[in-house]
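Written below as structure tokens is the structure these notes are about.
The values are calculated or read from the model by the stated rules, or taken from the named source; none is laboratory data. Remember, it's a predicted structure, so these values are computed and weren't measured experimentally. Ideal geometry is used to build each Cβ from the backbone, glycine not excepted, and the neighbour counts take in all protein chains shown.
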Amino acid sequence: MTDQEVEELAAILVQEHGNAALKVAENRRSLHAHGSDSFELWTRIAEAVGRLIGASQRSPVGGAHN
């Protein structure tokens, strides 16, 4: 999966699940053997979700500036 596809899937997870998206990604990762390709993929997705959730908490919607 490309980096762009990972970011897009992460964005979908955040849109659908909000802050719970990280738990969703981590739960999916836990279904796979540590070190497997699937485990590594879900690790990348979870990291992307974490970045998106962190960014959304730092930036108000609408880009309000003081």
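Please specify each residue of region 19-43 satisfying the condition of being over 19 Å from residue 2 (Cα atoms) and either among the hydrophobic types (A, V, I, L, M, F, W, C) or in contact with a His (Cβ under 9 Å, 6 or more places away or on another chain) (or both).
Matches in region 19-43: 20, 21, 22, 23, 24, 31, 33.
Which of the residues that make up region 1-19 are within 15 Å of residue 54 (Cβ to Cβ) and without any contact (Cβ under 8 Å) to a residue 12 or more places away in the chain?
18
Taking interchain pairs and intrachain pairs at least six residues apart, which have beta carbon atoms under 7 angstrom, with the first residue in region 45-57 and farther than 11 Å from residue 11 by Cβ and the second modelled with pLDDT of 95 or more and acidic (Asp, Glu)?
From residues that are farther than 11 Å from residue 11 by Cβ, the pairs are 46/26.
Being surrounded by 10 or more Cβ atoms within 10 Å (Cβ to Cβ) and farther than 19 Å from residue 56 by Cβ is the filter here; which residues of region 1-28 pass it?
Of everything in region 1-28, those that are surrounded by 10 or more Cβ atoms within 10 Å (Cβ to Cβ) and farther than 19 Å from residue 56 by Cβ turn out to be 1, 5, 27, 28.
Please specify each residue of region 29-51 satisfying the condition of being at positive phi and either surrounded by 12 or more Cβ atoms within 10 Å (Cβ to Cβ) or within 15 Å of the chain's Cα centre (by Cα) (or both).
Those that are at positive phi and either surrounded by 12 or more Cβ atoms within 10 Å (Cβ to Cβ) or within 15 Å of the chain's Cα centre (by Cα) (or both): none in region 29-51.
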